Amino acid sequence: MSGSSAMSLLLPLPLPLLVFPLSLAVSLSMLVIKVFVILIKIFSNFGYFVCLFCSQLRSYSHLFLLGKYITFILDPFQYQSVMKSHKLSFRIFTNKLLRKVFCIEKLATNDDLNDDLHGCYHLLRGTSLDILTENMMQNLKQVFELQLLKTTNWDTANLLTFCSSVIFEVTFTTIYGKSLAGNRKKFITELRDDFLKFDDKFPYLISDIPIELLGNVKSIRKKLITCLTSEHLAKTQEWSEVVQRRQDILEKYYTLEDFEIGAHHLGFLWASVTNTIPTTFWAVYYLLQHPEAMAVLRDEIDHLLQSTGQKKGSGFPIHLTREQLDSLVYLESTVLEVLRLCSFSSIIRFVQEDLTLHSETQDYCLRKGDLVAIFPPAIHHDPEIFEAPEEFRFDRFVEDGKKKTAFFKNGKKLKYYLLPFGFGASKCPGRFLAIVEVKQLLVVLLTYFDLEIIDDNPMEANYSRLLFGIQHPASDVLFKYKVKS
Ligand code: HEM
C-alpha cells in the first residue's frame, strides 16, 4: 500500500469514535487483536500510528474492543488527573483476569487479603532489593558456571530459548529458592517447560475462549499450581523475604493445604518472569545488531571494573552492587530504550460510576461499566517526543554523561514519557528488580563472552500480547557465544 492510500484510508475516520464492532463471538477476540495489530502496523509504517493515538486535536479516543468500550486517554498531560479519579478501579478488571488465568477467586471478595498482599511489595525495594540483587548475581553465576568452564568452543543457541532458560532459572531460584529434590536441574527444567507452555497460551487465556479448547493448558496449569502449593513449596529452601511474607499472609486467609495458595504463587511467578524474558531477548538482540552500542557498553563496564579494582579473570569474580549497576548510564539507557520499543502494555481502569472527562475542546461522558485506558506505545512511538521512534538508539536516554529525563510534547516537558511498568496504583512493584536482572545478565554476557548473531534478518514482534506486556519476537534467532580468551 502506498503512503497516500494509507492516508486516504485513515483521514476520513472520525478518530474519537473509531469503533471496531468485532467482538461478537468468543473466538473473535483474537481476530480483534490481529486487526488492531494490522492497523498499528499500517499506521506505524506510514507514521500515522501517532496520528491515531496522539492526535493533538483530541484528548481521548474510543474503541469497541473485546466486547467493551474503551476510552483511551491520548493526552499525556491528562494521565494523572484522569487516573486519580475515585470512580475508576483497576481491581475489577484485574480480578477478572486473575480468576480466568490463574484460578484466583478470593481476591475479588476479600479486600483485606488484597491490601495485605499489596502491603508486602515494599520487600521488592530498598534493602530487600539489595539482598535480592546479591542473590540474583550468585544464581546467575551458578547458571553460567558450566559454560564458563568451556574455554574455546563456540556454542550455538536460539536467543529466546536461551533467555527464557536463564531468566526462568535465575528468577525462580532468587524468589522461590532452591529445590531440595535430589535432581535440582530436572526439577527446574520441568517447571520451566510447563511454565513456558502455560505462558504461551496467555493471550488465549485472557480471551473468552473456553480453556477446554486450548489443548492441554488446563492440566499444565493444574500441575504448575500443585507444584507451588504449600506442601510442595516447603521442599524449596532460601525463599526470598517477599515470598515468605506472601506465604504467611496466604496462610492467614486460607487453610495451609488450600490449592488457591499455589494459584497465588503461580500469579506472582508469572508476573516476575513473563516480561523479563522478552526484555532480555530484545536487549541482547539489539546489541547483537548494533556492534557500536555493544562496544560502548563493554567499555563502560570495563571502566567500572577497573575503577573498583576488579579483574575479569576466570571463575566469575566480578561483583557489582545495585548502585554500581545504576551508575552505568549507557547500560541503563539501553534497557530503557528496549522497554520503549517493545512494551505494548496498557493501563486499564474500570468505570465504577458515570464519569465526565474534560478537555480543552470537549467533555466526554463515560458510562458505568466501560473501560478507560492509557496506551503507552502512543507516547513511546511519538516522533515529537522521540526522534525516529522506530530506531533503536542505545544512547537515547543519556545526555551530557547523565541519565536524560527531559522529553517534550507541544513544547511542554513531559512528566510521563516512558511507562512500561504501568501507572499509579497498579504500577509494577517488581520494576527495580526487573531492571537489575536485565542489567546483570547483560554485564555477564558482555564481560565474559564473545557474542555473534547468526540469523541477522530484521526481526519483528508478533504482537500476540498487545495491551498485555512486552511483545515476543515473531520467531527465534540463532546466535553463537564463546568464553572470551
Ligand atoms: C521487564 C520486566 C517487567 C515489566 C515490563 C513489568 C510490567 C508490569 C506491568 C505493566 C504491570 C501491570 C501494571 C498495571 O496494571 O497498571 C505489572 C504488574 C506486576 N508486576 Fe511487573 N513487570 C516486570 C517485571 C516484574 C518482576 C521482576 C516482578 C516481581 C519480582 C513483577 C511483579 C509484578 C506484580 C506482582 C504485579 C501486579 C501488581 C499488583 O498486584 O497490582 N514484575 N508489571
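Annotations
- Mean Cα-pair separation over length for the stretch 197-287, i.e. relative contact order, pairs under 8 Å, 6 or more apart, %: 30
- Residue pairs, from the table Lys439/Lys484; Lys141/Lys404; Lys223/Lys427, whose Cα atoms sit over 24 Å apart: Lys141/Lys404; Lys223/Lys427
- Least to most buried among Ser128, Ser475 (fewest other Cβ within 10 Å first): Ser475, Ser128
- Cα centroid of the stretch 225-279 to Cα centroid of the stretch 116-150, whole Å: 16
- Karplus 3J(HN,Hα) series, Hz, for the stretch 445-457 with 6.51 cos²θ - 1.76 cosθ + 1.60 (x for Gly, Pro): 5, 6, 7, 9, 10, 8, 10, 9, 8, 9, 8, 10, 6
- Long-range amide H partners of Val398 with built H, under 5 Å: Lys404
- Annotation for the stretch 323-386: trypsin sites (Lys or Arg not before Pro) lying in DSSP loop with at most 13 further Cβ atoms inside 10 Å of their Cβ are Arg367, Lys368.
- Proxy reagent accessibility, fewest Cβ within 10 Å first, across His264, His381: His381, His264
- For Gly215, neighbours were defined as the other residues whose beta-carbon sits under 15 Å from its Cβ, and their charges (Lys and Arg +1, Asp and Glu -1) total +1.
Throughout, read-outs are computed from the coordinates displayed, never taken from laboratory work. Since the structure is predicted, the reported quantities are computational estimates derived from the model, not experimental observations. Cβ coordinates were reconstructed from backbone atoms using ideal geometry, including for glycine residues, and neighbour counts include every protein chain displayed.
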